[in-house]
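See below for the structure under consideration.
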Amino acid sequence: MRAGPAQPLLRRLDEVRRGFAVLEGRRDAVARRAATLRENVAAAKGRLDAKPEVDALLEEMQEAGHRRTLGSYEAMLSAIAQDVLGPGVAIRLALGTERGLPSLDIEAEQDGARCSVLDGCGGSLNNVVSAGLRAIATMKSGLRPFLALDEADCWIRPGRVQLFCHVLRRLSERIGMQTLAVSHHDVSSLGGAIAIIGLEARREGVAAVVQAEGPAWPDEEIRGIRSIRLVNFGSIRDATIPLGPGVTAITGENNIGKSRFIRALRCVFYGGAEGGDGDIRHGQKQAEVEIALEYGRRLLWSRRPGRNPVTLWTLFERDGSVAEWKGGACRAGGRLPPDWLREALGLGRVDEMDLQVSRQAAPVFLLGETPSRRASVLSLGRESGYLRGMIERHRQNCGEDSALVRQGEAELAVLEREAALLDAILSRRPDLETLRRVAEGADALARTADATADKAAAIEVRGGEILAARGALERMTERLRAAEAMPDGAGAALGAADRAHWLAARISAAAKGEARLSAAAAACARLPGDAPVLPDASAPLAAEATLRRAEARVRGIGQARAALRPLPAAVPVPPDADRAEAMAARLLQGVEEANATEAALREAASAVTALERAREEALAEMDVCPVCGGGLLAMAGAA
């Protein structure tokens, strides 16, 4: 179907409608963006209005955090020092900055005078403050609350060792710290307050003897180490010391192996250079350290030269199966402890510092480090660092809010102008639907007109065809009328004349064939005299030719008679009588001639039949030519 003349207009209307739809979408987007900007700008202005109050609050929180953190640490360390060394001793902490990082200075105040704890005071104060700092650092680190102190009372007078043990007990009760203390002093008088394990030399090896029992574990779910067992570790063949939830002291004679338990813990917790083949008992192939934990778990450390790996850490469940952590088995070997030891059990180093297990050769903790290192290990200044970060972030937010207000207000002005322009354009939008309906109606009318014109053209073509058919019909009618005017039998007579001419042509051809047969007979007459006398063959051959001509004439006569049968019996009378009579006479004469010819043909047929019989008899007698040896029938056919 051809496109209507209104189609370009309809396409143009669709384009205009899509254009207005795009403008409407842009107007809605501008409105949404403007609403968001107004909300954000209003919020930013509100935050900027509250900026002075927030600044004051953050500064106050920073000062309060400093006072709270430093005050609590100072109070605890001063109480420890006064309990052991007597009143008049106080520990002062001064928090500052060093190269932009928090720093901590630790000083002792005696009789109003301040001095460095490490350099200006005695070793007993170093021992006491170091123990307190180690407990604080362990609690702040998030590790398991466990301390192993190797002769931390070495510089304390024997009379004050019991006071030091009482301080450790109060720390355990106050902050939940489990403590294992190795001491060469007599602490038997503290029985009941702390657990006391004595090491004794026996024939079968060193034995651990419980001299005083401390507090018992209320249930197995409380976090803590239940026992430590050494097998073929150093001088100890097989010994187990039980640990309670508070303080457990190991005592014994010098060189009996008290520090072996501390070294064993360092091998398990820290690995690396802490363990070596020298820790394997003489004559044995493997050393083991087994630590019993909560929920019936067991941590087994073993070292065996020649094995790969030499050092192996394994955590077993109560049923003896290997425990799992984060989808992997808690079994690992190597030089350093596996990650799950710290993550799952809370045992290990922090910032390369030994918090949980001390060494006899270095009882002082943290006092010899730099001020910034002290603050980092104790997390001092971290709270104030958080506050400083909050203040800095607040300043950044205020800067961002100021920029947001400036840029947002400028963008709002642009959006408002754009929205006004879009509203003006959309308010003058024409009625596109009405225009489309009008255009569609015009297009339908145009299509109807085209269809009507096509029908008219088709009718015109059909009219021409009808006129042509009518002319042909008239000519046929005239021919029929002329045929009806012809006399009856005229057509048959003409057909018979044509047949007669055809028969004459066939008879002439037969005469020529007879002449050729006669020539063949003459040739046979000139044969040698000694040849056998042959009957005359010309008569049979002529009879055969005559017979064929007669058959052809008979077929022609039969066809002529069949053509003459449909003609009427009476000759129609034409309007012109004279011409009709003359034509009728000629036709009658032709009919008579045809009848005579038919009679002659019948006679010829009878003669042909007789000749055919004679030919057959002659051919029977003369089947083969005595001269050439060829068949006469073949010769006759070739002639």
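The values are calculated or read from the model by the stated rules, or taken from the named source; none is laboratory data. As the structure is a prediction and not an experimental result, all values here were calculated from the model. No Cβ is skipped: glycine too gets one built from the backbone with ideal geometry, and neighbour counts run over all protein chains shown. Note: areas computed on protein heavy atoms with side chains; ligands, DNA, RNA excluded. Shrake-Rupley method; radii C 1.70, N 1.55, O 1.52, S 1.80 Å.
Condition test on residue 182, is it modelled with pLDDT of 85 or more, of a type in the set (Val, Ile, Thr) and in contact with a helix residue (DSSP H, G or I) (Cβ under 9 Å, 6 or more places away or on another chain)?
On the way: modelled with pLDDT of 85 or more: yes; of a type in the set (Val, Ile, Thr): yes; in contact with a helix residue (DSSP H, G or I) (Cβ under 9 Å, 6 or more places away or on another chain): yes.
Against the criterion (modelled with pLDDT of 85 or more, of a type in the set (Val, Ile, Thr) and in contact with a helix residue (DSSP H, G or I) (Cβ under 9 Å, 6 or more places away or on another chain)), residue 182 qualifies.
Looking at residue 288 and the list (1) within 21 Å of residue 207 (Cα to Cα); (2) over 55 Å from the mean Cα position of the chain (by Cα), which single condition is not satisfied?
Condition not satisfied by residue 288: (2).
Looking at residue 167, is it at pLDDT below 90 and of a type in the set (A, V, I, L, M)? Break it down into steps so the answer makes sense when it comes.
Values: at pLDDT below 90: yes; of a type in the set (A, V, I, L, M): yes.
Yes; evaluated as a whole, the condition is true for this residue.
Which residue, of 223, 174, 202, is open to solvent by 30 Å² or more (accessible area, probe 1.4 Å) and touching a helix residue (DSSP H, G or I) at 6+ places or on another chain (Cβ under 6 Å)? It would help to see each step written out before you state the result.
On the way: 174 fails: touching a helix residue (DSSP H, G or I) at 6+ places or on another chain (Cβ under 6 Å); 202 fails: touching a helix residue (DSSP H, G or I) at 6+ places or on another chain (Cβ under 6 Å).
Result: 223 is the single residue among 223, 174, 202 that is open to solvent by 30 Å² or more (accessible area, probe 1.4 Å) and touching a helix residue (DSSP H, G or I) at 6+ places or on another chain (Cβ under 6 Å).
If you take the residues of region 459-472 that are of a type in the set (Gly, Ala, Ser) and open to solvent by 50 Å² or more (accessible area, probe 1.4 Å), which of them is modelled with the highest pLDDT?
Initial filter on region 459-472 (of a type in the set (Gly, Ala, Ser)): 463-464, 468-469, 471-472.
Applying the additional criterion that residues be open to solvent by 50 Å² or more (accessible area, probe 1.4 Å) yields 468-469.
Values: 468: 79, 469: 73.
Result: 468.
What tally of residues in region 226-250 results from selecting those that are within 60 Å of the chain's Cα centre (by Cα) and open to solvent by 20 Å² or more (accessible area, probe 1.4 Å)?
Total meeting the criteria: 8.
If you check 273, 264, which single one turns out to be under 20 Å from residue 363 (Cα atoms), in a helix (DSSP H, G or I) and out of contact with any strand residue (DSSP E or B) (no Cβ under 8 Å at 6 or more places or on another chain)?
On the way: 264 fails: out of contact with any strand residue (DSSP E or B) (no Cβ under 8 Å at 6 or more places or on another chain).
Answer to the selection: 273.
Taking the condition modelled with pLDDT of 80 or more, farther than 24 Å from residue 398 by Cβ and either assigned to a loop (DSSP other than H, G, I, E, B) or open to solvent by less than 50 Å² (accessible area, probe 1.4 Å) (or both), does residue 44 pass? Before you say what the answer is, go through the steps one by one.
On the way: modelled with pLDDT of 80 or more: yes; farther than 24 Å from residue 398 by Cβ: no; either assigned to a loop (DSSP other than H, G, I, E, B) or open to solvent by less than 50 Å² (accessible area, probe 1.4 Å) (or both): yes.
No.
Kindly check whether there is at least one residue in region 242-253 that is modelled with pLDDT of 95 or more, of a type in the set (A, V, I, L, M, F, W, C), touching a strand residue (DSSP E or B) at 6+ places or on another chain (Cβ under 8 Å) and over 15 Å from residue 150 (Cβ atoms).
Checked against the condition, which is being modelled with pLDDT of 95 or more, of a type in the set (A, V, I, L, M, F, W, C), touching a strand residue (DSSP E or B) at 6+ places or on another chain (Cβ under 8 Å) and over 15 Å from residue 150 (Cβ atoms), region 242-253 yields at least one hit.
For residue 442, indicate whether it is open to solvent by less than 60 Å² (accessible area, probe 1.4 Å), assigned to a helix (DSSP H, G or I) and modelled with pLDDT of 80 or more. Quick ask: steps written out before the conclusion?
Numbers: open to solvent by less than 60 Å² (accessible area, probe 1.4 Å): yes; assigned to a helix (DSSP H, G or I): yes; modelled with pLDDT of 80 or more: no.
In short, no.
Give the residue, chosen from 385, 381, that is open to solvent by 20 Å² or more (accessible area, probe 1.4 Å), of a type in the set (Gly, Ala, Ser) and either more than 44 Å from the chain's Cα centre (by Cα) or modelled with pLDDT under 90 (or both). Spell out how you get there, then give the answer.
Working: 381 fails: open to solvent by 20 Å² or more (accessible area, probe 1.4 Å).
After ruling out the rest, the residue left standing is 385.
Let's see how each residue does on (1) assigned to a loop (DSSP other than H, G, I, E, B); (2) in contact with a Pro (Cβ under 7 Å, 6 or more places away or on another chain); (3) farther than 30 Å from residue 154 by Cα:
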position: 369; (1), (2), (3): yes, no, no
position: 406; (1), (2), (3): no, no, yes
position: 425; (1), (2), (3): no, no, yes
position: 429; (1), (2), (3): yes, no, yes
position: 433; (1), (2), (3): no, no, yes
position: 452; (1), (2), (3): no, no, yes
position: 459; (1), (2), (3): no, no, yes
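Residues that are touching a residue at least 12 places away in the same chain (Cβ under 8 Å) and farther than 30 Å from residue 228 by Cβ, at least 1 per element: which strands (runs of 3 or more DSSP E) completely within region 61-156 meet that? Break it down stepwise before answering.
Details: elements: 89-98, 101-110, 113-116, 146-150.
Where strands (runs of 3 or more DSSP E) fall fully within region 61-156 and carry at least 1 residues being touching a residue at least 12 places away in the same chain (Cβ under 8 Å) and farther than 30 Å from residue 228 by Cβ, they are 89-98, 101-110, 113-116.
Do you know which residues across region 343-366 are out of contact with any helix residue (DSSP H, G or I) (no Cβ under 9 Å at 6 or more places or on another chain), open to solvent by 40 Å² or more (accessible area, probe 1.4 Å) and over 25 Å from residue 123 (Cβ atoms)?
Those that are out of contact with any helix residue (DSSP H, G or I) (no Cβ under 9 Å at 6 or more places or on another chain), open to solvent by 40 Å² or more (accessible area, probe 1.4 Å) and over 25 Å from residue 123 (Cβ atoms): 343, 352.
Considering only region 94-106, how many residues are open to solvent by 20 Å² or more (accessible area, probe 1.4 Å) and either at pLDDT 85 or above or touching a strand residue (DSSP E or B) at 6+ places or on another chain (Cβ under 9 Å) (or both)?
As a first pass, look at region 94-106 and keep what is open to solvent by 20 Å² or more (accessible area, probe 1.4 Å): 94-102, 105.
Next, only the ones that are either at pLDDT 85 or above or touching a strand residue (DSSP E or B) at 6+ places or on another chain (Cβ under 9 Å) (or both) stay: 94-97, 102, 105.
Result for region 94-106: 6.
Evaluate the following for residue 139: is it of a type outside the set (D, E, K, R) and open to solvent by 60 Å² or more (accessible area, probe 1.4 Å)? Spell out the reasoning first.
On the way: of a type outside the set (D, E, K, R): yes; open to solvent by 60 Å² or more (accessible area, probe 1.4 Å): yes.
So residue 139 fits the description; yes.
Quick one: in region 107-135, of everything that is surrounded by fewer than 22 Cβ atoms within 10 Å (Cβ to Cβ) and aliphatic (A, V, I, L, M), which residue is farthest from residue 348 (Cα to Cα)?
113
Hey, among 475, 406, 428, which residue is open to solvent by 80 Å² or more (accessible area, probe 1.4 Å), closer than 27 Å to residue 20 by Cβ and modelled with pLDDT of 75 or more? Spell out the reasoning first.
Numbers: 475 fails: closer than 27 Å to residue 20 by Cβ; 406 fails: closer than 27 Å to residue 20 by Cβ.
Testing whether each residue is open to solvent by 80 Å² or more (accessible area, probe 1.4 Å), closer than 27 Å to residue 20 by Cβ and modelled with pLDDT of 75 or more leaves just 428.
Can we say residue 310 is open to solvent by 20 Å² or more (accessible area, probe 1.4 Å), over 25 Å from residue 145 (Cα atoms) and among the hydrophobic types (A, V, I, L, M, F, W, C)? Walk me through it before giving the result.
Numbers: open to solvent by 20 Å² or more (accessible area, probe 1.4 Å): yes; over 25 Å from residue 145 (Cα atoms): yes; among the hydrophobic types (A, V, I, L, M, F, W, C): yes.
Yes.
Just to check your reading of the model, which residue among 78, 116 is within 30 Å of residue 137 (Cβ to Cβ) and at pLDDT 85 or above?
Numbers: 116 fails: at pLDDT 85 or above.
After applying the criteria, what remains is 78.
Which one is most open to solvent (accessible area, probe 1.4 Å), of the residues in region 275-305 that are farther than 21 Å from residue 334 by Cα and touching a residue at least 60 places away in the same chain (Cβ under 8 Å)?
The extreme case among them is 295.
Inspect all residues belonging to region 279-295 and state whether any of them is within 28 Å of residue 219 (Cα to Cα) and in a helix (DSSP H, G or I). So that I can check it myself, show each step before the final result.
Our first condition is that a residue be within 28 Å of residue 219 (Cα to Cα); within region 279-295, this holds for 288-295.
From the residues that got through so far, the ones that are in a helix (DSSP H, G or I) too are 294-295.
Within region 279-295, one or more residues are within 28 Å of residue 219 (Cα to Cα) and in a helix (DSSP H, G or I).
Given the structure, is residue 97 closer than 19 Å to residue 262 by Cα and β-branched (Val, Ile, Thr)? Steps first, answer last, please.
On the way: closer than 19 Å to residue 262 by Cα: no; β-branched (Val, Ile, Thr): yes.
It is false that residue 97 is closer than 19 Å to residue 262 by Cα and β-branched (Val, Ile, Thr).
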